[in-house]
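Below: one structure, written as structure tokens.
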Amino acid sequence: MTKITEYFKQANGKTLFSIEVIPPMKGQNFGELMGHLESLMEFKPPFIEVTYHREEYITKELNGVVKRIPIRKRPGTLGICAAIMHQFKVEAVPHVICGGFTKEETEDFLIDLHYLGIENILALRGDHEKGEDSFIPKEGGHAYANELVEQINQMNQGKLLYEETESFPTNFCVGVAGYPEKHYEAVSLDADLVYLKQKVDAGADYIVTQMFF
């Protein structure tokens, strides 16, 4: 598998154009997405990013009790990444987010990526839950992207949350987000740069900005 950092080195200063896809809504046709991607393969994208969307909540009365039930409207990130790599022989880069995950669930997701040979990741805090004014991590989850990067880096060293195993080091290449225009929650550009450095110090391999066409 080719690391995203290797693609940057091989570019020799030339601009690389990649593709980012959003998983279809639950119940929609997955084949339609793959058809759209097939038509873009003539441009030879070095890698394709696949977004991940945190859960949303609905309230529903069950047996006389009103419950807050989590649902995922856009599941399928893992399956789409596997299909892209199998069908198009192109590196897939799943977004891995803090929002909606405990540390244990994050570890399980990363293990699944490792099993499938997916070694490139974009680690993000993710958006806050709809209806909330600020980001609130799931109980037992990460509050900041640098914490997520640190967990991934620990797995690259063969350290799981509750055990160490020499036979299970992962080999993830980790990208993080940078904001030349300043993240909307940061109080200043200097503060934003401090947060970015925390992600790099935690083990990030490269930085991407939000530039789309």
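The values are calculated or read from the model by the stated rules, or taken from the named source; none is laboratory data. The structure displayed is predicted, hence computed values, not measured ones. Neighbour counts are summed over all protein chains in view; Cβ atoms, including those assigned to glycine, are modelled from backbone coordinates with ideal geometry. Just the protein is used for accessible areas: all its heavy atoms, side chains included, with ligands, DNA and RNA removed. Shrake-Rupley method; radii C 1.70, N 1.55, O 1.52, S 1.80 Å.
Values for this structure:
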{"item": "Selection from segment 89-111 of residues that are of a type in the set (G, A, S) and in a loop (DSSP other than H, G, I, E, B)", "result": "G99, G100"}
{"item": "Residue in segment 1-29 that is farthest from the chain's Cα centre (by Cα), counting only those that are small (G, A, S) and surrounded by 11 or more Cβ atoms within 10 Å (Cβ to Cβ)", "result": "A11"}
{"item": "Subset of segment 30-59 (residues that are open to solvent by less than 100 Å² (accessible area, probe 1.4 Å) and closer than 21 Å to I71 by Cα)", "result": "F30, V50, T51, Y52, H53, R54, E55, E56, Y57, I58"}
{"item": "Considering residues of segment 117-141 that are in a loop (DSSP other than H, G, I, E, B) and touching a strand residue (DSSP E or B) at 6+ places or on another chain (Cβ under 9 Å) only, the residue farthest from E164 (Cα to Cα)", "result": "G131"}
{"item": "Restricting segment 156-188 to residues that are open to solvent by less than 10 Å² (accessible area, probe 1.4 Å) and in contact with a Leu (Cβ under 6 Å, 6 or more places away or on another chain), the residue that is farthest from G203 (Cα to Cα)", "result": "G178"}
{"item": "Pairs with Cβ under 8 Å, 6+ apart, first in segment 56-71 and farther than 22 Å from K26 by Cβ, second of a type outside the set (D, E, K, R) and open to solvent by 80 Å² or more (accessible area, probe 1.4 Å)", "result": "V66/T59"}
{"item": "Breaking point among (1) open to solvent by 70 Å² or more (accessible area, probe 1.4 Å); (2) under 19 Å from the mean Cα position of the chain (by Cα); (3) over 17 Å from T5 (Cβ atoms); (4) not polar (S, T, N, Q), for G100", "result": "(1)"}
{"item": "Lone unmet requirement of (1) assigned to a loop (DSSP other than H, G, I, E, B); (2) touching a strand residue (DSSP E or B) at 6+ places or on another chain (Cβ under 8 Å); (3) within 17 Å of C98 (Cβ to Cβ) for V176", "result": "(1)"}
